[in-house]
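One structure is given here, and the rest of the page talks about it.
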Amino acid sequence: SPEFVDSAIDGDQKWMFNSANSPYYVVDGQQRLTTIIILLFVLLKRHQELLPNQPALTTRDTREQAMEKFIRSENKLVTGEFGYRFGYAMNEDMAGVFRSIILEAPKVVKQRKPSLYAQNLQNAKDFFTRKCQKITDSDKLSALFSLVTERLRFNIFLMTKDLDVCMTFE
């Protein structure tokens with residue numbers, strides 16, 4: 001339930017969950033979700049490079065709508081502030097690295113020495129960036145975006161407070 005996670009939400013992110021959004025911990029699948037978020041961000045960025053004056057990404061979404069739906073939402077009360085759809089609730093350093101380096105958030109977090117995990121995130125972004133740079137047809141880029149956002153399916157199991165998550169997944 002949202003109350004279960006609420007205490008781990010950053011103060012600057014709480015506004016995002018005052019509407020219809022509910023925060024959840026991801027127990028299994030973090031790497032898959034992280035990879036998908038990185039890929040979607042790189043696809044959106046490449047679309048911007050290919051068609052800077054054409055906001056339509058797919059027949060359903062503009063780039064801005066896709067960014068809002070999958071990556072981040074702008075705080076309507078504080079201009080230039082965003083709430084991120086995916087993050088690291090229990091690791092503030094990784095949350096900052098993910099937002100600033102991978103999702104290119106305006107507030108850059110300087111990390112003394114990047115962790116191995118942070119370097120792996122950067123490697124994944126670099127990999128997708130190299131692959132997407134080879135795509136010069138915006139229709140192919142839009143089709144790939146649609147494949148990722150419309151064809152992937154996830155099984156979601158909501159856990160209650162009284163269940164031991166580790167035991168449940170064993």
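The values are calculated or read from the model by the stated rules, or taken from the named source; none is laboratory data. No experiment lies behind these values; they were computed from the predicted model shown. Here the Cβ positions follow ideal geometry from the backbone for every residue, glycine too, while neighbour counts run over all protein chains shown. All accessible areas refer to the heavy atoms of the entire protein, side chains included, with ligands and DNA or RNA removed. Shrake-Rupley method; radii C 1.70, N 1.55, O 1.52, S 1.80 Å.
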Consider K113 against the criteria (1) modelled with pLDDT of 80 or more; (2) more than 16 Å from the chain's Cα centre (by Cα): it satisfies all of them except one. Which criterion is unmet? (1)
Of the residues in the range 128-150, how many are in a helix (DSSP H, G or I) and closer than 22 Å to T34 by Cβ? 14
Which residues, counting only those in the range 86-102, are at pLDDT 80 or above and either farther than 16 Å from P114 by Cα or among the acidic types (D, E) (or both)? F86
Within the range 23-48, track down each residue that is among the polar types (S, T, N, Q) and in contact (Cβ under 8 Å) with a residue 24 or more places away in the chain. T34, T35
For E68, state whether it is open to solvent by 50 Å² or more (accessible area, probe 1.4 Å), at pLDDT 75 or above and under 17 Å from the mean Cα position of the chain (by Cα). yes
